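The values are calculated or read from the model by the stated rules, or taken from the named source; none is laboratory data. All of these numbers come straight from a predicted model, not from anything done at the bench. No Cβ is skipped: glycine too gets one built from the backbone with ideal geometry, and neighbour counts run over all protein chains shown. Ligands, DNA and RNA are stripped out before the accessible areas are found, and what is left, the full protein with its side chains, is counted by its heavy atoms. Shrake-Rupley method; radii C 1.70, N 1.55, O 1.52, S 1.80 Å.
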Amino acid sequence: MPLYDFKCEQGHKFELMVPLAEFHNSQNCACGSAATRVISPVRFSVENVGYDCPITGEWIGSKAQHANNLAKHGCRVYETGETEAAKKAKANADAEFEKRLDQTVEKEFESLPSAKKEALATELAAGADLGYQRSAL
Ligand SMILES: [Zn+2]
């Protein structure tokens, strides 16, 4: 009988063995609130599956080999919250890049002679798409 994770309307989480025949039945939490099934990430286990090292292609089939392999390539397992922090840092860097790009475009536009500004404004009004290219400078 499979074990499922549930979360009730009050936010309580619990596990419950549910026969397949009752898979669609609604479940209640101990507090009395209705609960919905929570799909949890697959619990990855090196011992059970193994994998090919993405660097050398070597087969890694045990926890000890996994630990050695990580150390050999200067890698380590992410700590809690680290992935989220990296995503946040990237989002901030992207936002900063966009801001600087806008400022640069604005500055370049302002430095154009007025005839060119007008020509560009006309093109944009006609639906021209402004692509950009990074300067080699
Ligand atoms: Zn509850």
**Prompt:** Under unit Cβ charges (Lys, Arg +1; Asp, Glu -1), what dipole magnitude, rounded to 20 debye, does the chain have relative to its Cα centre?
**Reply:** 340 debye
**Prompt:** Sorted by accessible area (1.4 Å probe), largest first, how do Ile60, Ile39 line up?
**Reply:** Ile39, Ile60
**Message:** For a bin width of 10 Å, list the pair-distance distribution of the chain built from all Cα-Cα distances, rounded to whole %.
**Reply:** 9, 18, 15, 18, 16, 15, 8, 1
**Item:** Between helix 82-110 and the chain: long-axis angle, C-alpha atoms, 0 to 90°, nearest 10
**Value:** 10 degrees
**Prompt:** Considering only Ile55, Ala95, Ser26, whose Cα is most displaced toward the positive end of the charge dipole of the chain, charges sitting on Cβ of Lys, Arg (+1) and Asp, Glu (-1)?
**Reply:** Ile55
**Request:** Please return the longest stretch of the chain lacking exposed loop sites, where trypsin sites (Lys or Arg not before Pro) count only if DSSP places them in a loop and at most 12 other Cβ atoms lie within 10 Å.
**Result:** 77-133
**Item:** Given 16 as the ceiling on other Cβ atoms within 10 Å, longest exposed-site-free region of the chain for GluC sites (Glu not before Pro) in DSSP loops
**Value:** 80-137
**Fill in**
In degrees, nearest 10, the alpha-carbon axis of helix 114-125 is tilted away from the dominant principal axis of the alpha carbons of the chain by 40 degrees
**Selection from Phe14, Val38, His73 lying farthest towards where the dipole of the chain points positive, charges on Cβ** = His73
**Prompt:** Whats the longest run of the chain with zero chymotrypsin sites (Phe, Trp or Tyr not before Pro) that are DSSP loop and have at most 16 other Cβ atoms within 10 Å?
**Reply:** 79-131
**Prompt:** Accessible area, 1.4 Å probe, largest first: how do Ser114, Ser26, Ser33, Ser62 sort?
**Reply:** Ser26, Ser114, Ser62, Ser33
